[in-house]
């Protein structure tokens with residue numbers, strides 16, 4: 001008999017849609033959710049992290065588009 005049987009860590013469920021939207025709109029919340037859930041619910045933690053990454057990418061893309069269009073923050077602060 002093997003006295004040191006390993007049990008798999010609890011997987012938990014997927015992150016709720018509301019928390020995915022919040023993680024996308026506020027990436028800091030997604031990062032916090034990742035660190036809070038990473039041990040107990042790794043699937044939900046990964047979803048929160050991915051939504052936060054997508055949110056940061058969207059913010060950067062929108063800022064680039066607005067800057068090229070001449071209405072971004074960098075255009076307002078320079079003049």
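For every residue, the table says whether it meets (1) under 12 Å from the mean Cα position of the chain (by Cα); (2) modelled with pLDDT of 95 or more; (3) part of a helix (DSSP H, G or I).
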| residue | (1), (2), (3) |
| --- | --- |
| 28 | yes, yes, yes |
| 54 | yes, yes, yes |
| 58 | yes, yes, yes |
| 64 | no, no, yes |
| 71 | no, no, no |
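Reported count of residues in the range 15-26, each being in contact with a helix residue (DSSP H, G or I) (Cβ under 6 Å, 6 or more places away or on another chain) and in a loop (DSSP other than H, G, I, E, B), is 1. Taken together, 4, 50, 77 contain a single residue that is surrounded by 15 or more Cβ atoms within 10 Å (Cβ to Cβ), out of contact with any helix residue (DSSP H, G or I) (no Cβ under 7 Å at 6 or more places or on another chain) and either modelled with pLDDT under 95 or in a helix (DSSP H, G or I) (or both), which is 50. Looking across the range 32-44, the residues that are assigned to a helix (DSSP H, G or I) and surrounded by fewer than 17 Cβ atoms within 10 Å (Cβ to Cβ) come down to 32, 35, 36, 42, 43.
The values are calculated or read from the model by the stated rules, or taken from the named source; none is laboratory data. Owing to the predicted nature of the structure, the values given are computational and were not obtained by experimental measurement. Glycine also receives a Cβ, built like all others from the backbone with ideal geometry; neighbour counts cover every protein chain displayed.
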